[in-house]
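The values are calculated or read from the model by the stated rules, or taken from the named source; none is laboratory data. No experiment lies behind these values; they were computed from the predicted model shown. A quick note on method: Cβ atoms are made from the backbone with ideal geometry, for glycine too, and the neighbour counts reach across all protein chains shown.
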Amino acid sequence: MFFVGSHPALSIVAFPQDLTQWEKPFFAVGISYQSLPWWGDMDNPTNRPNEGYTSTEENIYFPPQEGEEQSYFQTYGTTHLVGVTVQSFSRPEKNLFLWGKLSYLPRFMVLSAEGNLRGETNTEVHFIPFSYSASHLFNALSLEGIVASIYQGIPLGLKMGFSYENTGKIEHSFNATVNGTHISSERLLWGWTTVGCNHIFGYPHINGDAWFQNSYLTGPVWQWDIQAGISIPQIRFGNRFRLLGSLQQETTWQMDTNATTLLETNFSGNYTPSLYLYKTDGWLNRTYANVTWKDGGIWKLNTLFFLGLDSSLTIRVLSNDLASEGWGKTKNSGILIEVNPNVSIKPSKQMLMDLALLISGEWHRTEKRGSYYNPLMGTSRESWQNSTPVIGPEYSWEGFSYVDTTAFHLGVDMIFYLPLYGNKDRQIGLVLNVFENTQFSWLSKYYGTNRFTQQETSFDIVAIRSTFRREAWLHTMVGIQYRQPPYQVRCEFLSPLLYSLAASQKLQTAAGEKLYEAKKSQNWAVQEGLALRITVAHEF
């Protein structure tokens, strides 16, 4: 959802020409912190095995049966998102406005799990003491700047930005004792749970389990942004164009070829860089305008129109030949349309209120593509990848041929700038932002196979997984701003992001035969933790 309000401190995110409304030059330093859940995926810190995973912190002592030792399970996973920013605003000429910002945003991820698990076979009960720990680091830098001016009474702005993210070292350890056999392994595990899922220890019934991470990517991700804006009477225009790319090394788990037992098969081996890199190139464009229909002096009635387009392509290439195309491509494309009626109210210079109704619709497609050789024709043809559904719940790593997503959003965004106290020497103000978004989405995931004839290579759909989700998010931000020239301090508290879900899913064959069906309802839960931002500025 896209809305930035009318206050120039926020609106320069979308309208760089609003920098011309800034007054006093300053230099500022800011710090921020937020905690986020981490289930242990090394590639995507927000990924979870499926929607049934709602918590990354558990501490359970299971009631022991008579004569048995204590069984327990503990896990804790979090991402520490830290931010350090430096920014400066200057006005070297009457109609020349300059702003720049440098940000360092590292993400420190830590996960631990330990316990004494109770595993059952048909005839025996065994206890498995284990401990697992993992940590990962993403380093991110961003640099952005704005040049704005007023030409013949018309505000103009140009914003340029570059961001770069790279992975740090992965550290992890795993130790366990299974039926008298000690295990010390390099195997990465994630999605720890008290429900038997992957049966990593070989027991059909166990009160602690996890999933293997068979591969991961390391390497840089970057993006370039160029944004321009112009304001004419009654209309503010803006456009953002972004180029994004990545080049990441694939590292895969290599099982010990001498493994003979299940435990050796699961845990003996090492991670080895493969011959392949994953290369991504993409772009997105956002065009938008906030149109004022009625100007009542202290209030304005507006509508924000927004059109977004995006496309990206990820190719698996040989590390020694980046022009090559290994087997497998992932294509993404989408369109987003928003119409957001909003009203801005400004009773005084210090007081401002923005109220917006957020309405949007989007369509997105993700395709898995591959090259298939038709022996009957003697030629190769690119087509959707062969895939077979898993009969049961959907997991994040499940293969598919392509998926279409249609979504509708309805939300409310309210921003208030309220003066609390002020005189010529000092001012205190309150900033309040309340945001709610409800999303209705329909996903159709297609599975199929390529069929060869003497005339063509055709793709036949064999199954479809249809999912409906109703998701809701509620978020608030409270900020206190204190100004005593030449200093200014702003503290912002972002409340935990609340999330609610209701979903239904059906898997069926192309002919309509039902293979699986499920419904899920989740009460409000915290999706992101409390965030704190502090900025100290010195005016000139």
Subject >> The one condition in (1) in contact with a Leu (Cβ under 7 Å, 6 or more places away or on another chain); (2) free of Cβ contacts under 8 Å to residues at least 40 places away in the same chain that residue 137 fails to fulfil >> reply: (1)
Subject >> All positions within the range 2-22 that are in a loop (DSSP other than H, G, I, E, B) and either over 22 Å from the mean Cα position of the chain (by Cα) or on the phi > 0 side of the Ramachandran plot (or both) >> reply: 5, 6, 7, 12, 15, 22
Original post:
For the range 410-439, what are the residues that are under 30 Å from residue 336 (Cα atoms) and either aliphatic (A, V, I, L, M) or surrounded by fewer than 15 Cβ atoms within 10 Å (Cβ to Cβ) (or both)?
Top reply: 410, 412, 414, 415, 431, 432, 434
Subject >> Every pair of residues 6+ apart whose Cβ atoms lie under 7 Å, when the first sits in the range 95-117 and is modelled with pLDDT of 95 or more while the second is part of a strand (DSSP E or B) and among the charged types (D, E, K, R) >> reply: 97/91; 101/144
**OP:** Mind listing just one residue for me: the one in the range 196-209 that is hydrophobic (A, V, I, L, M, F, W, C) and either modelled with pLDDT of 95 or more or in a loop (DSSP other than H, G, I, E, B) (or both) and, of those, farthest from residue 256 (Cα to Cα)?
**Re:** 197
**OP:** Just need a number here: residues in the range 293-302 that are exposed (fewer than 15 other Cβ atoms within 10 Å of the Cβ) and part of a strand (DSSP E or B).
**Re:** 5
**OP:** Being over 25 Å from residue 140 (Cβ atoms) and surrounded by 16 or more Cβ atoms within 10 Å (Cβ to Cβ) is the filter here, so list the residues in the range 16-51 that pass it.
**Re:** 17, 18, 20, 21, 22, 25, 49, 51
Subject >> Leading residue by the ranking (surrounded by the most Cβ atoms within 10 Å (Cβ to Cβ)) among those in the range 123-153 that are in contact with a Pro (Cβ under 9 Å, 6 or more places away or on another chain) and over 20 Å from residue 82 (Cα atoms) >> reply: 148
Subject >> Matching option when the condition is closer than 23 Å to residue 190 by Cβ and hydrophobic (A, V, I, L, M, F, W, C), among 259, 289 >> reply: 259
Subject >> Criterion violated by residue 508 - all others in (1) closer than 15 Å to residue 470 by Cβ; (2) touching a Lys or Arg at 6+ places or on another chain (Cβ under 6 Å) satisfied >> reply: (1)
Subject >> Residue count for the range 235-284, restricted to those that are out of contact with any Phe, Trp or Tyr (no Cβ under 8 Å at 6 or more places or on another chain), small (Gly, Ala, Ser) and in a strand (DSSP E or B) >> reply: 2
**OP:** Identify all residues within the range 512-531 that are part of a loop (DSSP other than H, G, I, E, B) and either at positive phi or of a type in the set (D, E, K, R) (or both); write none if there are none.
**Re:** 512, 513
Original post:
Restricted to the range 441-459, and to residues that are at pLDDT 95 or above and exposed (fewer than 15 other Cβ atoms within 10 Å of the Cβ), which residue is nearest to residue 389 (Cα to Cα)?
Top reply: 444
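Does the range 303-313 contain at least one residue that is aromatic (Phe, Trp, Tyr), assigned to a helix (DSSP H, G or I) and either under 17 Å from residue 236 (Cβ atoms) or touching a Ser or Thr at 6+ places or on another chain (Cβ under 8 Å) (or both)?
Of all residues in the range 303-313, those aromatic (Phe, Trp, Tyr) come to 305-306.
Checking which are assigned to a helix (DSSP H, G or I) leaves us with none.
For the range 303-313, residues aromatic (Phe, Trp, Tyr), assigned to a helix (DSSP H, G or I) and either under 17 Å from residue 236 (Cβ atoms) or touching a Ser or Thr at 6+ places or on another chain (Cβ under 8 Å) (or both): absent.
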**OP:** Kindly list the number of the only condition in (1) in a strand (DSSP E or B); (2) at pLDDT 95 or above that fails for residue 317.
**Re:** (2)
Original post:
Any idea which of 41, 18 is within 30 Å of residue 390 (Cβ to Cβ) and at pLDDT 95 or above?
Top reply: 41
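Yes/no matrix, rows are residues, columns are (1) out of contact with any His (no Cβ under 8 Å at 6 or more places or on another chain); (2) in contact (Cβ under 8 Å) with a residue 40 or more places away in the chain; (3) among the polar types (S, T, N, Q):
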site	(1), (2), (3)
390	yes, no, no
403	yes, yes, no
411	yes, yes, no
449	yes, yes, yes
452	yes, yes, no
Subject >> Exclusive hit being touching a helix residue (DSSP H, G or I) at 6+ places or on another chain (Cβ under 8 Å) and without any contact (Cβ under 8 Å) to a residue 60 or more places away in the chain, set 259, 228, 289 >> reply: 259
Original post:
From the list 490, 465, 483, 469, which one is under 15 Å from residue 388 (Cα atoms), part of a strand (DSSP E or B) and among the charged types (D, E, K, R)?
Top reply: 465
Original post:
Residues of the range 141-200 being charged (D, E, K, R) and either touching a Lys or Arg at 6+ places or on another chain (Cβ under 9 Å) or within 30 Å of residue 228 (Cβ to Cβ) (or both), which ones?
Top reply: 144, 159, 165
Subject >> In the range 23-72, the residues that are in contact with an Asp or Glu (Cβ under 9 Å, 6 or more places away or on another chain), part of a loop (DSSP other than H, G, I, E, B) and over 30 Å from residue 214 (Cβ atoms) >> reply: 24, 25
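Listed here are the residues, each with its yes/no results for (1) free of Cβ contacts under 8 Å to residues at least 60 places away in the same chain; (2) within 31 Å of the chain's Cα centre (by Cα).
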| residue | (1), (2) |
| --- | --- |
| 370 | yes, yes |
| 373 | yes, no |
| 378 | yes, no |
| 419 | no, no |
| 423 | yes, no |
**OP:** Only residues that are polar (S, T, N, Q) and surrounded by 14 or more Cβ atoms within 10 Å (Cβ to Cβ): list them for the range 180-203, please.
**Re:** 185, 193, 194, 198
**OP:** Check the range 208-228 and report whether any residue there is buried (at least 20 other Cβ atoms within 10 Å of the Cβ), small (Gly, Ala, Ser) and touching a Pro at 6+ places or on another chain (Cβ under 9 Å).
**Re:** no
